[in-house]
Amino acid sequence: MGWGGFGQGPKRVGMWYVALLVLGAAGALALARYFALGTAATTAALLPTLAPAYLAWKAFQQDRADPGALARALDTAADQLAQAVGKQWDAESAIRRINDPYPLPVAWRPADPDLVESWSRLTELARGWPGGPPSDPAGWPEAAADLAGADADIGEVFTRRVPTRRLVVLGEPGSGKTMLLVRLLQELVQQRAPGGPVPVLFSLASWNPAHQSLDDWLTEELRRAYPGLRAPAPANMAANGHGNGRRGRAHGSDLARALLDARRVLLILDGLDELPPVLHETALDRLNLGLSAGRPVILASRAAPYRDALTRPDSFVRLNGAAGIHLLPLTAEAAAAYLRRDAGGEHTPAAARWDAVISRLGTDAPVGQSLSTPLGLFLARTIHNPRPGTLRRGGSAVAPHPDTLCDTSAYPTRVDLDAHLFNAFIPAAYTPHHPDPPRWPAGQAYRTLALLARHLEHNRDGSPDLAWWELHHALAPRTTRITVGLVFGLLSGVAVGFAIGPAVGLASGLAVGLATKSLYPGPPSPRARWAPAALTRRLVLGLPVGLAAGCAVGLAGGRTAGLAFGFAGGLVLGLEYRGIVPRAPRTGLRWSSDTLRRRIAFGLLVGLVAGLVGGPLPGVAFGLAGGLAGALKGERPDVTTVIGPSALLTQDRRTFLTIGFVSGAVVGIVVGVMVGLKVGLAGGLAFGLAFGLAAGLAESAAWVFFRATTVHLAARHGVPWDLMAFLRDAHEQRGVLRQVGGLYQFRHLDLQRHLARQPWPPPPAER
């Protein structure tokens, strides 16, 4: 039951709860003095109330905050998020060479009428939405035909011409949908007013609409890409649920959820077609349920899958209130100008190499069809236009002549030529050049990328999202778990056996190994450095329990009380941070059932050892250990920080090592002091190391599983030992991968599918 269960507002309940706790504590001490009761025993009984008193006082302080200040805080968060989004996509545009030498021209026509709302319905909906239409009706065109445009018109189309500001972007494979979305995002970031909605690009491939609501998924994606949004939202604003009236759901939210609820995030959803086909209709239905009236959205999809989702014989679901555009193929003139400019400009020898290809643009020849899309042009220029600094052989450029693309005997159809472009793209991307020659030969790169593509197709249901914490699925589950279990069981067993004895070492190693073998890593949670403020909060929660348990042991004595102390001290260690999840101060503490069982198991193991001796000093030590273990997570970064895959891996590794060794050292010293001459400090440290490794693995197993997987893949399949460095290079230097938040994806889904279909292992020519 929350504060409101008492029939009063949360602010008044928090205030009265603090007052009652203070009066109760004073009354208990007074009665103890009057009846000559033990002051120490009374104090020990009152100490556990310090933590809830602290939380209630913080709730009272938070609820007294000025509503105007709370609104300004959310404005600041939106502005910081806009800054992060702008920097993120400016950098990604440079890596994808969107503006090199200039953005490819993209034109569009209105979408087919049967795929979108009628124009009269759109204008009627916009005028009837709460708060009025989102744009000036004077700027609305008379008919959907006026949505046609090209290039920079996309910003005006969305903000002024579409009455509802809901737009579906359709196109053929490689037609430039994502490129157009990025251009629109950058324009919206530049045009937004302070505190206004922030355009954020989401990849729909990571959403399972059958099991997750739209806002829950969006919240998780925001938290992962922008970890500063995990900070608690201002209490009054979270409780009020600004913007959508969903009062209960927003209660106690973080900044990510609060920004969504306040409509401060403008949704740009890319890749509906990248979901499994059976989920397309479900996704559209969940979008309609999750989008409140007047909430703008941009949705992109390939045209054929979108039409298939709308034309099922048993149902019909379209995106409510949405207009639509359909991207057009590149004109022959636009493609020719782009190829010549990328080669050096008109009338240069390098541009003249493209004359034969240009003469076939706009025709039904395979090369004319393949190079009618931005994807085809990107592949062709990467393969046939050498980059500056490319190492040359015998005085000639390594890049092959473009005339090979016109060979209809070698490539009789567009499918054949597309396959050739995909095959030649990776060797071209890994051609040696200055100043950043590739660390890996083209053959090894091809093999590694093909293996990753096969992993996505066969183990992740064709998803384009390459998440390093899911790479262990590329191996048989039995192989991964046994490998990790053996490693940690061996380390723990050797550490304990060295100090205590081989029998105990073998038993502890087996226990840790079996526990490790049963774990599976989840998505990593971004964490940062040591934080003194977090240490203070954790000590406030940890010390009262440890002190109370220690005093109880000292007063009562005996092994039974010692076991009781051990249970309490073990809970402090076992339930640190993720067993109990702090939210906004008003909501107090919420139990996390998914980690509760294994944390209690670890805590009871240490608590049992501690209970055999007992005493106040171990109680203080265990309270301190609980506070330290919680503070190791540190404070979250600023909202302007964008977390990529490499940063996630680094932070997950740091979390594992810090918890494993620092917590292990603290626990080891405590155990060594408690057992004294029986084992000694060395034995305690050995036990603490074993415990710390197990606790570190329970907290952040993703890095451990990733490292075990990469070792296996390197030894068995020849992938690079430093796989994360390879992925980062493939994204930043080669343009083979793209980055979306904390995930990598292949440059294009068709490239991923092409590589996944290639024979395995690759033929010698590709090695």
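Can you name every residue in the range 313-360 that is of a type in the set (Gly, Ala, Ser) and assigned to a loop (DSSP other than H, G, I, E, B)?
Within the range 313-360, 315, 321, 322, 344, 345 meet the criteria.
Yes/no matrix, rows are residues, columns are (1) within 19 Å of residue 646 (Cα to Cα); (2) crowded, with 21+ Cβ neighbours inside 10 Å; (3) in contact with a Leu (Cβ under 8 Å, 6 or more places away or on another chain):
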| site | (1), (2), (3) |
| --- | --- |
| 427 | no, no, no |
| 439 | yes, no, no |
| 449 | yes, yes, yes |
| 465 | yes, no, yes |
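Looking at (1) modelled with pLDDT of 90 or more; (2) farther than 30 Å from residue 275 by Cβ, find the lone condition where residue 349 falls short.
(1)
Among the residues of the range 203-224, write down those that are within 19 Å of residue 644 (Cβ to Cβ) and open to solvent by 10 Å² or more (accessible area, probe 1.4 Å).
Passing the criteria: 203, 205, 206, 220, 221, 223, 224.
Does any residue in the range 131-152 that is closer than 11 Å to residue 108 by Cα come within less than 8 Å, Cβ to Cβ, of a residue that is assigned to a loop (DSSP other than H, G, I, E, B) six or more places away or on a different chain, and which pairs are these?
Hits for this filter: 147/141; 147/162; 150/105; 150/106; 151/103; 151/105; 151/106.
Considering (1) part of a helix (DSSP H, G or I); (2) of a type in the set (Val, Ile, Thr); (3) out of contact with any Gly (no Cβ under 6 Å at 6 or more places or on another chain), say which one residue 189 fails and leave the rest.
Failing condition for residue 189: (3).
May I ask you to list the residues in the range 226-264 that are modelled with pLDDT of 50 or more, among the charged types (D, E, K, R) and on the phi < 0 side of the Ramachandran plot?
Selection gives 230, 254, 257, 261, 264.
Which of the residues belonging to the range 439-455 are more than 20 Å from residue 715 (Cβ to Cβ) and out of contact with any Pro (no Cβ under 7 Å at 6 or more places or on another chain)? Quick ask: steps written out before the conclusion?
So in the range 439-455, the residues more than 20 Å from residue 715 (Cβ to Cβ) come out as 442, 453.
The one that is more than 20 Å from residue 715 (Cβ to Cβ) and out of contact with any Pro (no Cβ under 7 Å at 6 or more places or on another chain): 453.
For the list (1) part of a helix (DSSP H, G or I); (2) basic (Lys, Arg); (3) under 22 Å from residue 328 (Cβ atoms); (4) open to solvent by 50 Å² or more (accessible area, probe 1.4 Å), I need the number of the one condition that residue 109 fails.
Unmet condition: (1).
For residues that are assigned to a helix (DSSP H, G or I) and among the charged types (D, E, K, R), scanning just the range 112-154, find the one that is farthest from residue 308 (Cα to Cα).
Among those that are assigned to a helix (DSSP H, G or I) and among the charged types (D, E, K, R), it is 127.
Just one of 175, 120, 135 is more than 30 Å from residue 275 (Cα to Cα), crowded, with 16+ Cβ neighbours inside 10 Å and of a type in the set (Gly, Ala, Ser); which is it?
135
Determine whether residue 702 is assigned to a helix (DSSP H, G or I), open to solvent by 20 Å² or more (accessible area, probe 1.4 Å), at pLDDT 65 or above and of a type in the set (Gly, Ala, Ser).
no
Is there any pair with a first residue in the range 408-424 that is in contact (Cβ under 8 Å) with a residue 24 or more places away in the chain and within 17 Å of residue 375 (Cβ to Cβ) and a second that is open to solvent by 40 Å² or more (accessible area, probe 1.4 Å) and hydroxyl-bearing (Ser, Thr, Tyr) whose Cβ atoms are under 7 Å apart and which are 6 or more apart or on different chains, and what are they?
Between residues of the range 408-424 that are in contact (Cβ under 8 Å) with a residue 24 or more places away in the chain and within 17 Å of residue 375 (Cβ to Cβ) and residues that are open to solvent by 40 Å² or more (accessible area, probe 1.4 Å) and hydroxyl-bearing (Ser, Thr, Tyr), the close pairs are 417/411.
Considering every residue within the range 163-173, establish whether at least one is β-branched (Val, Ile, Thr) and under 23 Å from residue 749 (Cβ atoms).
Within the range 163-173, one or more residues are β-branched (Val, Ile, Thr) and under 23 Å from residue 749 (Cβ atoms).
Residue-by-condition table, conditions (1) touching an Asp or Glu at 6+ places or on another chain (Cβ under 9 Å); (2) within 22 Å of residue 127 (Cβ to Cβ); (3) open to solvent by less than 30 Å² (accessible area, probe 1.4 Å); (4) at pLDDT 95 or above:
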| position | (1), (2), (3), (4) |
| --- | --- |
| 297 | no, yes, yes, yes |
| 305 | yes, no, no, no |
| 310 | yes, no, yes, no |
| 313 | no, no, no, no |
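Taking the residues in the range 256-292 that are farther than 17 Å from residue 222 by Cα and charged (D, E, K, R) as candidates, determine which candidate is surrounded by the fewest Cβ atoms within 10 Å (Cβ to Cβ).
Once the filter is applied, the top-ranked residue is 285.
Quick check: anything in the range 718-735 in a loop (DSSP other than H, G, I, E, B) and closer than 25 Å to residue 220 by Cα? Don't jump to the end; show me each part of the working.
Our first condition is that a residue be in a loop (DSSP other than H, G, I, E, B); within the range 718-735, this holds for 718-722, 733-735.
Imposing the further condition that a residue be closer than 25 Å to residue 220 by Cα reduces the set to none.
Checking the range 718-735: not a single residue is in a loop (DSSP other than H, G, I, E, B) and closer than 25 Å to residue 220 by Cα.
The values are calculated or read from the model by the stated rules, or taken from the named source; none is laboratory data. Since this is a predicted model, take the numbers as computed values, not measurements. Note: ideal-geometry Cβ built from the backbone for every residue, glycine included; neighbour counts use all protein chains shown. We work out accessible area using only protein heavy atoms, side chains counted, and drop any ligands, DNA or RNA first. Shrake-Rupley method; radii C 1.70, N 1.55, O 1.52, S 1.80 Å.
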